[in-house]
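Trainee: Please see the structure below; I have some questions.
The values are calculated or read from the model by the stated rules, or taken from the named source; none is laboratory data. A quick note: this is a predicted structure, and the numbers were derived from the prediction, not measured. With ideal geometry, Cβ positions are generated from the backbone for all residues, glycine too; neighbour counts draw on all protein chains shown. Each accessible area value is taken on the protein alone, full model and side chains, heavy atoms only, with ligands, DNA and RNA left out. Shrake-Rupley method; radii C 1.70, N 1.55, O 1.52, S 1.80 Å.
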There are 2 protein chains.
Amino acid sequence: MTKIDDVARLAGVSTATVSRALRGLPTVSAATRRRVLAAAEQLEYAVSPSASRLAGGKTSTVAVVVPRITRWFFGTVVEAVEEFLHESGYDLLLYNLGGREQTRQRVLRTGSLHKRVDAVILVATPLRPPEVTALTALDLPGVTISSGTDVPGWPCVRIDDVAAARTATRHLLDLGHTRIAHISGDPDDELAFTTHLDRRRGYQAALRAAGIRPDPSLDVESQFTIDGGNRAAAELLARGEPPTAIFAACDEMAMGAMTALRDAGLRVPQDVSVIGIDDHDLAKVLGLSTIAQPATEQGLLAARILLDPLGVRTAEPYAGHLPAQRGGDAPGDTPMPPVILPTRLVVRESTAPPRAH
Amino acid sequence: MTKIDDVARLAGVSTATVSRALRGLPTVSAATRRRVLAAAEQLEYAVSPSASRLAGGKTSTVAVVVPRITRWFFGTVVEAVEEFLHESGYDLLLYNLGGREQTRQRVLRTGSLHKRVDAVILVATPLRPPEVTALTALDLPGVTISSGTDVPGWPCVRIDDVAAARTATRHLLDLGHTRIAHISGDPDDELAFTTHLDRRRGYQAALRAAGIRPDPSLDVESQFTIDGGNRAAAELLARGEPPTAIFAACDEMAMGAMTALRDAGLRVPQDVSVIGIDDHDLAKVLGLSTIAQPATEQGLLAARILLDPLGVRTAEPYAGHLPAQRGGDAPGDTPMPPVILPTRLVVRESTAPPRAH
DNA sequence: CTGAAAGCGCTTACAG
DNA sequence: CTGAAAGCGCTTACAG
């Protein structure tokens with residue numbers, strides 16, 4: 001294949017000049033740049049990323065780590081990140097942990113990321129202490145989205161899970177419900193640790209604020225999936241008198257719960273109200289009330305925050321979203337406050353006053 | 001950071017030997033290999049992918065190109081592919097075209113993929129002639145999943161879209177429907193070209209086989225999305241007497257259609273039956289009848305077919321799925337028959353006999 | 001089974 | 001603004 005020497009020869013310049021011209025460095029005369037570009041085009045020259053990376057010391061690649069790409073939130077985040085990265089000239093290496101311990105180890109514990117990427121975007125993946133250590137040792141910039149653990153020096157973008165859950169629960173309380181169940185995350189799933197704990201906290205806080213003592217028998221733990229929600233709701237019903245409302249920790253769980261209720265002959269919302277968190281793109285189809293969270297915005301913002309310090313041209317300014325502390329060159333060990341994006345209550349058909357009213 | 005020389009020094013061997021030992025080449029004595037591995041571990045050595053790729057001439061990276069990662073089929077395929085690639089020691093570069101012409105050009109028209117990846121998996125992306133030319137010029141191995149166009153030398157994995165559509169339509173006919181509408185792909189969306197044409201062909205074939213002449217007023221074109229299905233169904237209803245059944249070209253469209261029907265005060269299936277294609281993971285929640293297609297299997301199989309000739313250890317044999325013609329080293333220009341995976345009818349609550357019955 | 005040496009194709013000081 | 005030369009960190013014949 002054609003390489004930089006071929007272009008240099010055709011353009012009548014050195015390879016150093018070709019390299020500079022092609023990368024748009026300012027230290028090239030307009031005439032020379034034109035000649036180089038013409039030569040490159042004529043030869044259909046494409047630089048060898050491996051050679052460029054080895055010589056230049058940067059990979060122009062970002063690792064994006066998600067628990068499961070098939071879940072709404074993660075797919076949406078990846079889509080947003082992908083667009084931003086590619087428009088900024090970066091490649092996206094996808095790591096879908098998928099609950100596989102081996103994959104997790106390879107990505108999070110070994111140095112495999114080290115000379116492979118320039119930065120990391122870690123989505124909803126709380127870390128164990130040794131993983132934090134390993135990741136820190138990598139000495140790479142990174143951003144965390146909706147993660148539970150902080151990696152020192154890595155900014156974090158997320159929503160306020162406690163507040164979102166409080167709003168959801170309060171919506172049910174406002175409708176007159178008092179027997180409000182909660183479908184929460186899997187206690188064994190350390191990967192989803194913080195998010196579900198925060199959401200339960202918000203649920204309980206709203207109940208207490210309304211003078212209601214949280215009832216453990218109305219609190220079921222399961223997985224953050226459709227099936228998880230389905231099983232959790234089934235168990236809830238098996239426990240005895242059904243609640244009049246269910247707040248599920250995410251929309252996918254809420255959807256699974258709706259199926260379980262229907263299978264049990266209960267109508268939503270006449271018999272049981274259901275609300276989730278996300279605003280999954282099928283929430284509207286199902287008439288599911290929910291707390292909408294901005295997934296695309298979280299992805300975009302994370303990518304921006306990450307690439308900005310790497311000296312990448314970004315389309316729009318994002319100052320409005322950033323806490324005042326950032327923007328300068330904060331030392332890596334200054335704990336950065338998370339960037340919190342807003343959520344909002346979306347009322348659809350799955351929530352209504354309880355029968356008794 | 002520590003490099004291969006450091007390991008070589010510590011182990012008391014040459015860098016060539018370190019390289020061989022670390023990659024598991026057979027030409028290294030057991031004792032030497034042990035020493036090298038110990039040294040590498042002690043120094044926490046990780047090879048530099050850039051250097052290795054430049055010297056070795058292979059990137060151990062595969063480009064995966066999808067229209068939209070957030071759609072069920074594509075997310076599921078990527079998840080399957082990702083697992084297989086990473087277990088085989090390959091990196092996955094994600095390209096989400098997202099309908100952006102610019103992105104498409106960069107990926108499909110320029111040589112940007114050239115020295116960046118060893119192979120390509122192209123999902124549901126029919127190509128324009130110049131793109132086929134450009135991709136062929138890359139001289140890379142590739143596999144196509146559910147694509148409309150063939151790239152010479154690239155195997156293709158897919159379902160039989162005509163048959164799937166025929167089965168869906170026949171299910172409605174068997175229930176007694178005769179006014180069966182079809183929601184098809186966007187005619188302007190050349191990216192979804194073949195799939196929706198094939199599905200329409202199956203729909204019409206089934207009608208004709210039942211002695212029914214396809215009625216153009218019952219055939220609406222829209223996009224392969226929830227919204228697309230929603231708008232299409234709304235238009236269908238605006239055209240006059242509603243059909244008694246709708247066959248949507250994919251589940252997401254079917255779901256959107258269900259919402260439109262509900263919004264119009266029509267019940268599913270009492271007033272209108274609805275069936276799709278996919279078996280989306282929310283189809284069950286919505287009680288949607290559908291033609292299930294194996295997304296995970298298509299992804300896995302494509303990855304296997306791709307990596308196998310590259311000399312990668314694969315877990316299970318896949319001979320059962322492969323056409324007899326493959327398996328040897330067929331010349332690249334021999335047209336390969338597509339690998340067709342089976343679909344199956346899944347009857348749920350969204351389809352029933354028409355009212356009149 | 002192992003090593004010395006060339007080479008992969010760029011980028012980067014350095015000098016002019 | 002431009003070029004000569006070193007160097008990025010590996011792998012691969014080649015020779016032994």
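Trainee: So residue A:219 clears everything in (1) within 14 Å of chain B (Cβ to nearest Cβ); (2) among the acidic types (Asp, Glu); (3) open to solvent by 10 Å² or more (accessible area, probe 1.4 Å) except one condition, right? Which one?
Mentor: (1)
Trainee: Assess whether residue A:168 counts as being within 14 Å of chain B (Cβ to nearest Cβ), buried (at least 19 other Cβ atoms within 10 Å of the Cβ) and of a type outside the set (D, E, K, R). Don't jump to the end; show me each part of the working.
Mentor: Details: within 14 Å of chain B (Cβ to nearest Cβ): no; buried (at least 19 other Cβ atoms within 10 Å of the Cβ): yes; of a type outside the set (D, E, K, R): yes.
So residue A:168 does not fit the description; no.
Trainee: What residue, of A:91, A:118, A:139, is within 16 Å of DNA strand D (Cβ to nearest atom), closer than 26 Å to residue B:97 by Cβ and of a type in the set (Asp, Glu)?
Mentor: A:118
Trainee: Okay, next question. Got a number for residues in the stretch A:268-315 being within 14 Å of chain B (Cβ to nearest Cβ), open to solvent by 20 Å² or more (accessible area, probe 1.4 Å) and out of contact with any His (no Cβ under 9 Å at 6 or more places or on another chain)?
Mentor: 7
Trainee: Could you list, in sequence order, all residues of the stretch A:10-26 that are in a helix (DSSP H, G or I) and within 11 Å of DNA strand D (Cβ to nearest atom)?
Mentor: Of the stretch A:10-26, the ones in a helix (DSSP H, G or I) are A:10-11, A:15-22.
Within the stretch A:10-26, A:11, A:15, A:16, A:17, A:18, A:19, A:20, A:21 meet the criteria.
Trainee: Quick one: is residue B:48 within 16 Å of DNA strand C (Cβ to nearest atom), within 11 Å of chain A (Cβ to nearest Cβ) and closer than 15 Å to residue A:93 by Cα? Working first, answer last.
Mentor: On the way: within 16 Å of DNA strand C (Cβ to nearest atom): yes; within 11 Å of chain A (Cβ to nearest Cβ): yes; closer than 15 Å to residue A:93 by Cα: no.
No.
Trainee: A follow-up question, please. Six or more apart or on different chains, Cβ under 7 Å: which pairs go from a residue in the stretch A:12-26 that's under 13 Å from residue A:48 (Cα atoms) to one that's open to solvent by less than 60 Å² (accessible area, probe 1.4 Å) and within 9 Å of DNA strand C (Cβ to nearest atom)? Could you list them?
Mentor: A:19/A:4
Trainee: List the number of the failed condition for residue A:23; all other conditions in (1) within 14 Å of chain B (Cβ to nearest Cβ); (2) open to solvent by 50 Å² or more (accessible area, probe 1.4 Å) hold.
Mentor: It fails just one condition, (1).
Trainee: Mind checking which residues of the stretch B:27-41 are within 14 Å of chain A (Cβ to nearest Cβ) and within 12 Å of DNA strand D (Cβ to nearest atom)?
Mentor: The answer is B:40, and nothing else.
Trainee: Taking the stated definitions as given, is residue A:153 assigned to a loop (DSSP other than H, G, I, E, B), open to solvent by 10 Å² or more (accessible area, probe 1.4 Å) and either under 26 Å from residue A:268 (Cβ atoms) or at pLDDT 95 or above (or both)? Outline the logic, then answer.
Mentor: Working: assigned to a loop (DSSP other than H, G, I, E, B): yes; open to solvent by 10 Å² or more (accessible area, probe 1.4 Å): yes; either under 26 Å from residue A:268 (Cβ atoms) or at pLDDT 95 or above (or both): no.
Spelling it out, it is not the case that residue A:153 is assigned to a loop (DSSP other than H, G, I, E, B), open to solvent by 10 Å² or more (accessible area, probe 1.4 Å) and either under 26 Å from residue A:268 (Cβ atoms) or at pLDDT 95 or above (or both).
Trainee: Quick check on this structure: which one of B:103, B:76, B:59, B:70 is within 16 Å of DNA strand C (Cβ to nearest atom) and β-branched (Val, Ile, Thr)? Please lay out each step first, then the result.
Mentor: On the way: B:103 fails: within 16 Å of DNA strand C (Cβ to nearest atom); B:76 fails: within 16 Å of DNA strand C (Cβ to nearest atom); B:70 fails: within 16 Å of DNA strand C (Cβ to nearest atom).
On inspection, the qualifying residue turns out to be B:59.
Trainee: Sticking with this one: Does residue B:13 count as within 8 Å of DNA strand C (Cβ to nearest atom), β-branched (Val, Ile, Thr), open to solvent by 30 Å² or more (accessible area, probe 1.4 Å) and over 33 Å from the mean Cα position of the chain (by Cα)?
Mentor: On the way: within 8 Å of DNA strand C (Cβ to nearest atom): yes; β-branched (Val, Ile, Thr): yes; open to solvent by 30 Å² or more (accessible area, probe 1.4 Å): yes; over 33 Å from the mean Cα position of the chain (by Cα): yes.
Considered against the rule, which asks whether it is within 8 Å of DNA strand C (Cβ to nearest atom), β-branched (Val, Ile, Thr), open to solvent by 30 Å² or more (accessible area, probe 1.4 Å) and over 33 Å from the mean Cα position of the chain (by Cα), residue B:13 comes out as yes.
Trainee: I need the full set of residues from the stretch B:245-260 which are touching a Lys or Arg at 6+ places or on another chain (Cβ under 6 Å) and closer than 11 Å to residue B:280 by Cα, in order please. Lay out the reasoning, then the answer.
Mentor: Of all residues in the stretch B:245-260, those touching a Lys or Arg at 6+ places or on another chain (Cβ under 6 Å) come to B:249.
Result: no residue meets the conditions.
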